[in-house]
1. Can you give the accessible area per residue of the chain, in Å², using a 1.4 Å probe?
2. Taking 45 Å as R0, compute the FRET efficiency from the Cβ-Cβ separation of residue 8 and residue 95 and round it to 0.05.
3. Give me, ordered by chain and number, the residues 5 or more places off residue 27 or on other chains with an amide H under 5 Å from its own placed amide H.
4. Give me the percent of the accessible area of the chain that comes from carbon and sulfur atoms, probe 1.4 Å, all protein chains in place.
5. For percent of Cα pairs over 25 Å apart, which listed value, [x] 46; [y] 65; [z] 42, comes from the coordinates shown?
6. Using a Förster distance of 25 Å, how high is the FRET efficiency between residue 192 and residue 1, based on the Cβ-Cβ distance and rounded to 0.05?
7. Given charges of +1 on the Cβ of Lys and Arg and -1 on the Cβ of Asp and Glu, with all other atoms neutral, how large is the dipole of the stretch 39-162 about its Cα centre, in debye to the nearest 20?
8. Within 10 Å, count the other beta carbons around each residue, average over each peptide in 69-80, 244-255, 196-207, 124-135, and list them highest first.
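The values are calculated or read from the model by the stated rules, or taken from the named source; none is laboratory data. Keep in mind it's a predicted model, so treat the numbers as computed, not measured. Counting neighbours? That spans all protein chains shown, and the Cβs are built from the backbone with ideal geometry, glycine included. Accessible surface is based on the protein model in full, side chains and every heavy atom, while ligands, DNA and RNA are left aside. Shrake-Rupley method; radii C 1.70, N 1.55, O 1.52, S 1.80 Å.
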Amino acid sequence: MVLIFAAAAGLFVSWPVMWMLRAMKSRQTISQYAPEGHQKKQGTPTMGGLIVLLAVGAAFSQWPQGLSVPLLLLIGFAVIGFVDDYLWPKLKPGSRGLSWKPKLVLQLVAAWVPLVLWGNIGDWKLAALAILIVAFANAFNFADGLDGLAGGLLAIIGGAFALIGMLSGNDPLVIEGAACAGGAVAFLFWNSPPARVFMGDVGSLPLGALIGWMAIESMTPGARDSANLVTPLVLSGVLLAELVPVPMQILAVKTLKRRIFPATPIHHSFEVKGWPESRIVWTFLLVQVLLAAVAVTTAGLGSVKA
């Protein structure tokens, strides 16, 4: 019911959102370092992640139990994304958004505040969880580069977390995962190739933070249990592959003066190698389906043992 409601809500709001984005002239600015094939995407409307956020918000309003922390995460990271996507480029013409240092600080604050309100947890654990959420936010943000990739990953990961929540009796996790999957379906209607809108930071950052929160929820209670750690780690395999090469590439360029990957995020490496965009997207999504199946099976085995 949550998934169907979120999908219907997302489709309902998608037309007015698209009209608003066109009226605001919210356009994608393609980086000069992106593969050559991306230049044709220049000027495509961005901030389409608002469709998913509104769908998830509508679902949360119908099933609000235990959702205060993820709601605060969505709001905080969405504000950062809006500043990065729209306000800052308007204030500083020619800029593609906030520089990475203030953006990272703002993200850590946006993750830290809801966690403080979540409960009395130690300083080290608080810092670790905040960093985890920020890592997921940026990993999903990196995935928003190819038509259908971010939306497809969100649908699969959200659906898997919903199933894991059902197996473990975690109702908030079921609602969060199903709402993400439903909202992603509505977004994919507009983002499927050729994309008529991109998710933008306003969508990818908060939704990535929500994925990070779902990973945390799937580990608790009993976060030290290896089975509880394996499930979200396996499910996050594609996002980890998108995230980890980026800082490795930056470090290699600054220290060794050379690249260790053809391009980052990693999906760009396949583009540089000559893979068509559709093959990259389908390969990543098929891998994510396999990882989701393994993760759900692991969670199911853990629930049977419990």
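1. 48
2. Details: r = 37 Å, r/R0 = 0.83.
With R0 = 45 Å, the Cβ-Cβ based efficiency is 0.75.
3. For residue 27, whose amide H was placed from the backbone, the distant partners under 5 Å are 46.
4. That share works out to 69 percent.
5. Here the calculated entry is [x].
6. 0.50
7. 360
8. Output ranking for 69-80, 244-255, 196-207, 124-135: 196-207, 69-80, 124-135, 244-255.
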